[in-house]
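The values are calculated or read from the model by the stated rules, or taken from the named source; none is laboratory data. Values in this document were obtained by computation on a predicted structure and should not be read as measured data. In this analysis, Cβ positions are derived from the backbone assuming ideal geometry, glycine residues included, and neighbour counts consider all displayed protein chains. SASA here: full protein model, heavy atoms, side chains in, ligands and nucleic acids out. Shrake-Rupley method; radii C 1.70, N 1.55, O 1.52, S 1.80 Å.
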Amino acid sequence: QVQLVESGGGLVQAGGSLRLSCAVTGVYISVNAVNWYRQAPGNQRELVATITPYGDINYIDSVKGRFAISRDHVKNTVYLQMNSLKPEDTGVYYCHIMISRRHFWGQGTQVTVSS
(Lines give C-alpha, C1' and ligand atoms only; values in the text may rest on other atoms or scores of the structure.)
Protein backbone atom coordinates (compact mmCIF):
# COMPACT_ATOMS: atom_id res chain seq x y z
CA GLN A 1 0.00 0.00 0.00
CA VAL A 2 1.49 3.29 -1.12
CA GLN A 3 1.32 6.09 1.41
CA LEU A 4 2.75 9.60 1.35
CA VAL A 5 2.88 11.72 4.48
CA GLU A 6 3.88 15.38 4.29
CA SER A 7 5.12 17.47 7.16
CA GLY A 8 6.98 20.69 7.81
CA GLY A 9 4.45 23.30 6.82
CA GLY A 10 3.66 26.33 8.94
CA LEU A 11 3.39 30.08 9.16
CA VAL A 12 6.44 32.10 8.18
CA GLN A 13 7.18 35.71 7.35
CA ALA A 14 8.13 36.73 3.84
CA GLY A 15 11.81 36.03 3.26
CA GLY A 16 11.79 33.10 5.64
CA SER A 17 12.39 29.41 5.02
CA LEU A 18 10.66 26.10 5.53
CA ARG A 19 11.60 22.53 4.74
CA LEU A 20 8.84 20.15 3.77
CA SER A 21 9.22 16.40 4.08
CA CYS A 22 7.37 13.63 2.25
CA ALA A 23 7.81 10.24 3.87
CA VAL A 24 6.94 7.47 1.41
CA THR A 25 5.97 3.90 2.23
CA GLY A 26 4.98 1.03 -0.03
CA VAL A 27 7.23 2.02 -2.92
CA TYR A 28 10.86 3.02 -3.36
CA ILE A 29 11.49 6.63 -4.33
CA SER A 30 14.65 5.45 -6.08
CA VAL A 31 12.56 3.98 -8.90
CA ASN A 32 9.75 6.51 -9.10
CA ALA A 33 9.55 10.20 -9.85
CA VAL A 34 8.25 12.22 -6.93
CA ASN A 35 6.50 15.53 -7.33
CA TRP A 36 5.59 18.44 -5.10
CA TYR A 37 2.38 20.25 -5.99
CA ARG A 38 0.72 23.21 -4.33
CA GLN A 39 -2.75 24.65 -4.34
CA ALA A 40 -3.64 28.17 -3.29
CA PRO A 41 -7.24 29.07 -2.39
CA GLY A 42 -9.29 29.50 -5.53
CA ASN A 43 -6.49 28.23 -7.76
CA GLN A 44 -5.80 24.97 -9.50
CA ARG A 45 -3.21 22.63 -8.13
CA GLU A 46 0.16 23.31 -9.80
CA LEU A 47 3.32 21.30 -10.14
CA VAL A 48 6.14 22.94 -8.21
CA ALA A 49 9.06 20.51 -8.40
CA THR A 50 9.95 17.03 -9.63
CA ILE A 51 12.82 14.66 -8.97
CA THR A 52 13.16 11.63 -11.22
CA PRO A 53 14.70 8.24 -10.40
CA TYR A 54 17.76 9.38 -12.37
CA GLY A 55 18.12 12.51 -10.27
CA ASP A 56 16.81 14.91 -12.90
CA ILE A 57 15.14 17.90 -11.29
CA ASN A 58 12.64 20.41 -12.60
CA TYR A 59 11.00 23.45 -11.05
CA ILE A 60 8.22 25.78 -11.92
CA ASP A 61 9.74 29.10 -13.02
CA SER A 62 8.39 31.05 -10.06
CA VAL A 63 10.42 29.02 -7.53
CA LYS A 64 13.69 28.56 -9.42
CA GLY A 65 16.62 29.70 -7.34
CA ARG A 66 14.56 29.65 -4.14
CA PHE A 67 13.33 26.06 -3.75
CA ALA A 68 15.35 22.87 -3.77
CA ILE A 69 14.03 19.32 -4.00
CA SER A 70 16.13 16.47 -2.64
CA ARG A 71 15.75 12.92 -1.39
CA ASP A 72 17.11 10.47 1.14
CA HIS A 73 16.98 6.90 -0.15
CA VAL A 74 17.65 5.40 3.27
CA LYS A 75 14.69 7.23 4.80
CA ASN A 76 12.70 6.91 1.56
CA THR A 77 11.82 10.57 1.99
CA VAL A 78 11.71 13.52 -0.38
CA TYR A 79 12.28 17.08 0.80
CA LEU A 80 11.42 20.52 -0.47
CA GLN A 81 13.64 23.25 0.93
CA MET A 82 11.90 26.59 0.44
CA ASN A 83 13.90 29.78 0.91
CA SER A 84 13.11 33.45 0.35
CA LEU A 85 9.44 32.65 0.70
CA LYS A 86 6.89 35.05 -0.73
CA PRO A 87 3.21 35.54 0.12
CA GLU A 88 2.34 34.03 -3.27
CA ASP A 89 3.93 30.76 -2.13
CA THR A 90 1.05 30.33 0.29
CA GLY A 91 -0.99 27.19 -0.22
CA VAL A 92 -1.36 23.53 0.62
CA TYR A 93 1.64 21.55 -0.55
CA TYR A 94 1.13 17.96 -1.67
CA CYS A 95 3.51 15.14 -2.39
CA HIS A 96 2.61 12.98 -5.40
CA ILE A 97 3.71 9.78 -7.11
CA MET A 98 2.22 8.17 -10.20
CA ILE A 99 2.64 4.41 -10.54
CA SER A 100 1.19 2.49 -13.46
CA ARG A 101 -1.13 5.43 -14.21
CA ARG A 102 -2.41 5.51 -10.64
CA HIS A 103 -2.02 8.74 -8.72
CA PHE A 104 -1.03 8.71 -5.09
CA TRP A 105 -1.27 11.86 -2.97
CA GLY A 106 -0.40 12.82 0.52
CA GLN A 107 -2.82 14.65 2.77
CA GLY A 108 -1.03 17.96 2.22
CA THR A 109 0.69 20.42 4.51
CA GLN A 110 -0.29 24.08 4.82
CA VAL A 111 2.27 26.77 4.08
CA THR A 112 1.33 30.34 4.91
CA VAL A 113 3.66 33.23 4.14
CA SER A 114 2.77 36.55 5.70
CA SER A 115 3.84 39.86 4.21
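Things worth noting here:
- Rounded, prolate or oblate (a/c below 1.5 giving rounded, otherwise prolate when a/b exceeds b/c) for the chain by Cα gyration tensor: prolate
- When TRP36, TRP105 are compared by accessible area at a 1.4 angstrom probe, the order from most to least is TRP105, TRP36.
- Accessible area ranking (1.4 Å probe, heavy atoms, ligands and nucleic acids excluded), largest first, for LEU18, LEU47: LEU47, LEU18.
- Listed residues LEU20, LEU85, PHE104: farthest to the positive end of the dipole of the chain (Cβ charges): PHE104
- Ranked by solvent-accessible area (1.4 Å probe, protein heavy atoms only, all chains present), the residues LEU11, LEU20 order from largest to smallest as LEU11, LEU20.
- Surface per residue (accessible, 1.4 Å probe) for region 13-111, Å²: 54
- If you run the Gaussian network model on the chain, springs between alpha carbon atoms under 10 Å, then out of TYR94, TYR54, TYR37 the most flexible one is TYR54.
- Residue of SER62, SER17, SER84 that the Gaussian network model of the chain assigns the largest fluctuation, springs spanning Cα pairs under 10 Å: SER62
- Residue-span extension gain [SER70 to VAL5] - 0.36 nm each, minus C-alpha spacing: 21.8 nm
- Here the Gaussian network model covers the chain, with springs between Cα atoms less than 10 Å apart; of ASP72, ASP56, ASP89, ASP56 fluctuates the most.
- In the chain, the portion of solvent-accessible area held by carbon and sulfur atoms comes to 49 percent [1.4 Å probe, whole percent, DNA, RNA and ligands not counted].
- Computing FRET efficiency as 1/(1 + (r/R0)^6) for SER30 and SER62, where r is the C-beta to C-beta distance and R0 is 22 Å, gives about 0.20.
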